[in-house]
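The values are calculated or read from the model by the stated rules, or taken from the named source; none is laboratory data. Because the structure is a prediction, the values reported are computed rather than measured. Every residue, glycine as well, gets a Cβ built from its backbone with ideal geometry; the counts of neighbours run over all protein chains shown.
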Amino acid sequence: MASGPPLAASTHASTPRLTTSPERFGLRFVVLVCIGIFYFAGIGMLAPVLPRYVTNELGGSGADVGLVVGAFGLSALLLRSWMGRLGDRYGRRVLIVGGCAVLGVSFLGYGIGSLTGLIALRLLSGAGEAAAIVGAVTLAEDLAPEGRSGQAAGYFSVSLSIGIMGSVPLGEWMYQRYGTDQVWLTAGLLCLVAAALGAALPAWTRPEAAAGDAPPRRFLHPAAVRPGFVLALGVIGACAFSTFVPLYADAIGMDSAATVFIVYAAAVMVVRLLGSRVPDLLGPSRGPAVALSVEIVALVAMGLWTSPTGLYVSTTVFALGSSLLYPSLMPVVVRASRPSERSHALGTLVLFFDLPFTVGAPVLGLLVEASSERWAFIAAAGAAAAGWILHRATCARGGYAAPVARQTPAATPEPTAA
């Protein structure tokens, strides 16, 4: 990498603002991806451990597991948009550092030994997650070169794949060997490392609002509502996949669903690395339409091709569509929102990503109870088709919204990757 000024540039009483676009992804973007890896690794460690802790050590029921798991998503969903407004007012670094720190400290307390206390800590964890993700996805866009917002979203999301793929088996191994206390400690420390790295980010990560440009107080940013509904309808497929593939794998005679999730994560990572420019090249009209079309084909195949081979093939195709959807919609929201409201707008978009997992999973569960797992995938294909129709209808009426002027970082020189 080329040499450059210190990563955390000194600031004066007047904090520098985002004014121009960088020419390439630089060192600060690399640091942001590293933050994401540590952050998602901390979260991923809990996946195989938390349900067992609730049932085996706290004596909870299946419903209690649902409450504990759902509390995290509930507070994140309710606070996501508000965190976005804080990011527009105080900067992205505040959200990243504060969110990762809150998440890490809350993880350290998970051994509280009380179901009520654990639910309270999960609500706190969700608040930290709401802040950290909104700050990170907005900063990823702020650091993106002109016209490469979709690529920035894809690159940052690679940190999710890397963090989860490594941490889930680590959490399982650590739980079996050392117990839950060591898992809480390690997960908390990983998030605190992410917070420490976030402190090295520049303090200028806040756009300058134009005179008289004070945003109204509103829960949802209008620039993200319609693309958010398109995103939510597409993400129902991911909700069905993550929730019911384990049961579906058992039903079609597979020994384990673990390899299916590994294939999915690996395919997503490959697509977002090798095809990182695809969402930007396709543009805001074709990109979401292509992503949703691929999802529809994959989900229908997943429901109808009831064999291990069919599941592996449809999973690979589904990974292609789902990995393109969010990076294709993110530039739509960026173009249609003022720089001084970008964190709020992207926070609203991420809120719609959360919605299917909070509402869709119980609805799909009722469908599965009345029929079988494969109908959850077919129903998700129907939802993706509804998203495709909504997207095409929006494009036919002139698009989502008129673009506004872009402001992105360069108040201090950007260290660049050669």
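Reported count of residues in segment 69-87, each being polar (S, T, N, Q) and surrounded by fewer than 18 Cβ atoms within 10 Å (Cβ to Cβ), is 0. Evaluate the following for ASP280: is it in the same structural domain as LEU366 (by TED's automatic domain parsing), farther than 26 Å from GLY347 by Cα and charged (D, E, K, R)? Against the criterion (in the same structural domain as LEU366 (by TED's automatic domain parsing), farther than 26 Å from GLY347 by Cα and charged (D, E, K, R)), ASP280 does not qualify. With respect to TYR90, determine if the residue is surrounded by fewer than 24 Cβ atoms within 10 Å (Cβ to Cβ), over 30 Å from ALA257 (Cα atoms) and among the aromatic types (Phe, Trp, Tyr). It is true that TYR90 is surrounded by fewer than 24 Cβ atoms within 10 Å (Cβ to Cβ), over 30 Å from ALA257 (Cα atoms) and among the aromatic types (Phe, Trp, Tyr). If you go through segment 51-68 and keep only what is touching a residue at least 40 places away in the same chain (Cβ under 8 Å) and surrounded by 16 or more Cβ atoms within 10 Å (Cβ to Cβ), you end up with TYR53, VAL54, LEU58, GLY60, ASP64, LEU67, VAL68.
For segment 145-167, give me each residue that is over 21 Å from GLY73 (Cα atoms), at pLDDT below 80 and buried (at least 21 other Cβ atoms within 10 Å of the Cβ). Residues satisfying the conditions are ARG148, SER149, GLY150, GLN151, ALA152, ALA153, GLY154. Taking first residues from segment 91-102 that are basic (Lys, Arg) and partners that are not in a helix (DSSP H, G or I), the Cβ contacts under 6 Å between residues at least 6 apart in sequence or on separate chains come to ARG92/THR205; ARG93/LEU201; ARG93/THR205. Can you name every residue in segment 107-144 that is surrounded by 24 or more Cβ atoms within 10 Å (Cβ to Cβ), of a type in the set (Ser, Thr, Tyr) and closer than 23 Å to THR186 by Cα? The answer is TYR110, SER125. Is it the case that some residue within segment 99-107 is outside any helix (DSSP H, G or I), over 18 Å from GLY135 (Cα atoms) and either under 19 Å from the mean Cα position of the chain (by Cα) or of a type outside the set (D, E, K, R) (or both)? Taking every residue of segment 99-107 in turn, none turns out to be outside any helix (DSSP H, G or I), over 18 Å from GLY135 (Cα atoms) and either under 19 Å from the mean Cα position of the chain (by Cα) or of a type outside the set (D, E, K, R) (or both).
Per-residue answers, yes or no, for (1) loosely packed, with under 15 Cβ neighbours inside 10 Å; (2) on the phi < 0 side of the Ramachandran plot; (3) modelled with pLDDT under 80; (4) in a loop (DSSP other than H, G, I, E, B):
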| site | (1), (2), (3), (4) |
| --- | --- |
| SER340 | no, yes, yes, no |
| PHE353 | no, yes, no, no |
| PRO362 | yes, yes, yes, no |
| LEU366 | yes, yes, no, no |
| ARG374 | no, yes, no, no |
| ALA383 | no, yes, no, no |
| ARG406 | no, yes, yes, yes |
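For segment 185-225, residues that are farther than 17 Å from VAL134 by Cα and either modelled with pLDDT under 80 or touching a helix residue (DSSP H, G or I) at 6+ places or on another chain (Cβ under 6 Å) (or both) total 15.
Checked across segment 76-87, the condition of being in contact with a Gly (Cβ under 6 Å, 6 or more places away or on another chain) and of a type in the set (Lys, Arg) holds for at least one residue.
For segment 327-338, which residues satisfy the criterion of being aliphatic (A, V, I, L, M) and in a loop (DSSP other than H, G, I, E, B)? If the condition is that a residue be aliphatic (A, V, I, L, M) and in a loop (DSSP other than H, G, I, E, B), then ALA336 is the only one that fits.
Suppose we filter PHE229, PHE241 for residues that are closer than 29 Å to THR315 by Cα, at pLDDT below 90 and part of a helix (DSSP H, G or I); which single one remains? Only one candidate passes the filter, namely PHE241.
Within segment 273-326, the set of residues being charged (D, E, K, R) and not in a helix (DSSP H, G or I) comprises just one member, ARG277.
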